Amino acid sequence: MSETGDRPSYFPERGSDEYRVTFYDLDLDYRVGPNRLAGAARLEIVPRVPLDRLELDLGPFRIGKALVDGRAARFRQRRDKLHLTPARRLPAGEPSTVEIRYSGNPRPLSSPWGGLGWEQLTDGSLVASQPTGAPSWFPCNDRVQDKARHRISVTTGSAYHVVATGRPAGRRSSGATTTWVYEQDEPMAPYLAGVQIGRYRSVEVPGAPVPQRLVFPADAERRVRHDFGRQGEMIERFTELFGPYPFPAYTIVVTGDELEIPVEAQGMSIFGTNHADGARGEERLVAHELAHQWFGNSLTLADWRDIWLHEGFATYAEWLWSESSGGEPADAHAARWHGRVARRPQDLVLSDPGARRIFDDRVYKRGALALHALRRTMGDARFFPMLRAWTAQNRYGSVTTERFILFAQAHALVPVRELMTAWVHRRPLPRLP
């Protein structure tokens, strides 16, 4: 349910506000060659209203069993929805358990940006669900603000290495297969859950300020170690600027395939081999994805129209890292991108770009420019403590544009509401202060 209690402005067909999920327990058996997935999902839910029926988001899998509170439930499937009729009405406010057994060939779900969700690699698989691809591999309430704890168990061929969102919680081999278990105790939106499978090597990064792992194909080790070699310094710098790193650890996966863009997951980022060139040519993306752990994963938008609260902040983190690491200062990045954005059509409202334009480059760059304008107006002595307070007070929660503007004004010594209104709620591009 959004802060106003209304259905979300974007993707209203996804999820339900009639209940919330508190825990996902997923047991997955995956065969890489035939791309065959068999899953057993247990969801702990709490109805917000009395329920005679409930719906889950799930792709075109074969359903073997559906139980609600241990009793068989009638079910039907239609358009990536699984509709359940429990044996008894579910009272509001009382926890219930939903269990689904399903199987099939997972495939990305169609969207205006191509396929989303579970994808096959040349030799393995990855999950790239933003914004609505989570139902491609597990039954869920696909609402971005419905954040829950997760346990993910994956059984696959022992030749493969499995990484999932959460902390490693066990691994056991039996015959030709190995089961990997991960537990995510911090609340997580469905689209941020991920599973990465490949013939990978995993190494711990010594001396890092938080535990870090690099997972990569063996033949990419030199490039990966070099290109992600300053990540510990990034975490230290971002901790100074944004507050404590919000999760117990951070994992980087570099797949054996090339990827068009990196993939974000909670406590984890996924890159293609093309993003590790051995010369740190894509280090801005390393900073961008790391920043999402604060802005996107810990603080998650309440509605997709506010995506600039993720992408604008992560883009500005690129400029801040450049400024901190001997590259161009944020002023230079801002001046250059202001000129470029000014030459683009002035038809986008940052706080409501439209569902099809949530990944428009202007959302990223104008969002970063808005933050730079706010920083210039407030001054560093106010701006960065405000950011640290913002991440602390909203840790693991949902955020909105309006809440951020009010928060910034409360921490500023000068009026900033009109400044932010011009940047985020109006079409014409303002001048930089």
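The values are calculated or read from the model by the stated rules, or taken from the named source; none is laboratory data. Since this is a predicted model, take the numbers as computed values, not measurements. For neighbour counting, all protein chains shown are included, and Cβ atoms are generated from backbone atoms with ideal geometry for every residue, glycine included.
Here are the numbers for this structure:
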read-out	value
Residues located in region 289-303, provided they are within 20 Å of ARG225 (Cβ to Cβ) and in contact with a helix residue (DSSP H, G or I) (Cβ under 6 Å, 6 or more places away or on another chain)	LEU290
Count - residues of region 76-99 that are on the phi > 0 side of the Ramachandran plot and surrounded by fewer than 18 Cβ atoms within 10 Å (Cβ to Cβ)	2
Breaking point among (1) surrounded by fewer than 22 Cβ atoms within 10 Å (Cβ to Cβ); (2) under 17 Å from MET234 (Cα atoms), for ALA287	(1)
Qualifying residue in region 13-22 (condition: modelled with pLDDT of 95 or more, more than 19 Å from LEU84 (Cα to Cα) and part of a strand (DSSP E or B))	no
Region 44-75, residues that are surrounded by fewer than 15 Cβ atoms within 10 Å (Cβ to Cβ), assigned to a loop (DSSP other than H, G, I, E, B) and either of a type in the set (A, V, I, L, M, F, W, C) or outside the structural domain of TYR160 (by TED's automatic domain parsing) (or both)	VAL49
Test set (1) in contact with a helix residue (DSSP H, G or I) (Cβ under 7 Å, 6 or more places away or on another chain); (2) within 17 Å of ILE45 (Cβ to Cβ); (3) among the hydrophobic types (A, V, I, L, M, F, W, C) - VAL98 fails condition number	(1)
Matching residues in region 355-381 - criterion: being without any contact (Cβ under 8 Å) to a residue 60 or more places away in the chain and over 19 Å from LEU285 (Cβ atoms)	ARG357, LEU374, ARG375, ARG376, THR377, MET378, GLY379, ASP380, ALA381
Criterion (within 24 Å of TYR396 (Cβ to Cβ) and touching a residue at least 40 places away in the same chain (Cβ under 8 Å)) met by exactly one of LEU28, LEU56, LEU90	LEU56
Verdict on ALA41 being in the same structural domain as ASP25 (by TED's automatic domain parsing), at pLDDT 95 or above and under 14 Å from PHE138 (Cβ atoms)	yes
Failed item, numbered, when VAL399 is tested on (1) in contact with a strand residue (DSSP E or B) (Cβ under 6 Å, 6 or more places away or on another chain); (2) over 15 Å from TRP308 (Cα atoms)	(2)
Residue within region 255-264 that is on the phi > 0 side of the Ramachandran plot, of a type outside the set (A, V, I, L, M) and in contact with a helix residue (DSSP H, G or I) (Cβ under 9 Å, 6 or more places away or on another chain) present	no
One residue from ASP142, ASP69, ASP146 being modelled with pLDDT of 95 or more, more than 16 Å from the chain's Cα centre (by Cα) and farther than 15 Å from ALA40 by Cβ	ASP69
Criterion (of a type outside the set (Phe, Trp, Tyr), at pLDDT below 95 and closer than 22 Å to PRO262 by Cα) met by exactly one of VAL205, VAL215	VAL205
Every residue from region 386-433 that is in contact with a Gly (Cβ under 9 Å, 6 or more places away or on another chain) and under 16 Å from ALA368 (Cα atoms)	LEU387, TRP423, VAL424
Output for region 200-227, where each listed residue is among the hydrophobic types (A, V, I, L, M, F, W, C), part of a loop (DSSP other than H, G, I, E, B) and touching a Lys or Arg at 6+ places or on another chain (Cβ under 9 Å)	VAL205
Number of the condition not met by GLN145 [criteria: (1) in contact with a Phe, Trp or Tyr (Cβ under 9 Å, 6 or more places away or on another chain); (2) under 30 Å from PRO12 (Cβ atoms); (3) part of a loop (DSSP other than H, G, I, E, B)]	(1)
Enumeration of residues in region 409-433 that are closer than 19 Å to ASP352 by Cβ and touching a residue at least 12 places away in the same chain (Cβ under 8 Å)	ARG417, LEU419, MET420, THR421, TRP423, VAL424, HIS425, ARG426, ARG427, PRO428, LEU429, PRO430
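The rows are residues; the columns are (1) of a type in the set (Lys, Arg); (2) in a helix (DSSP H, G or I); (3) in contact with a helix residue (DSSP H, G or I) (Cβ under 7 Å, 6 or more places away or on another chain); (4) outside the structural domain of GLN145 (by TED's automatic domain parsing).
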| residue | (1), (2), (3), (4) |
| --- | --- |
| HIS310 | no, yes, no, yes |
| GLY326 | no, no, no, yes |
| VAL341 | no, yes, yes, yes |
| GLY367 | no, yes, yes, yes |
| LEU371 | no, yes, yes, yes |
| ARG376 | yes, yes, no, yes |
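Residues checked against (1) of a type in the set (Lys, Arg); (2) under 20 Å from THR255 (Cα atoms); (3) without any contact (Cβ under 8 Å) to a residue 60 or more places away in the chain:
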| residue | (1), (2), (3) |
| --- | --- |
| SER103 | no, no, no |
| LEU109 | no, no, yes |
| LEU116 | no, yes, yes |
| LEU121 | no, yes, no |
| GLN145 | no, no, no |
| THR165 | no, yes, no |
| GLU183 | no, no, yes |
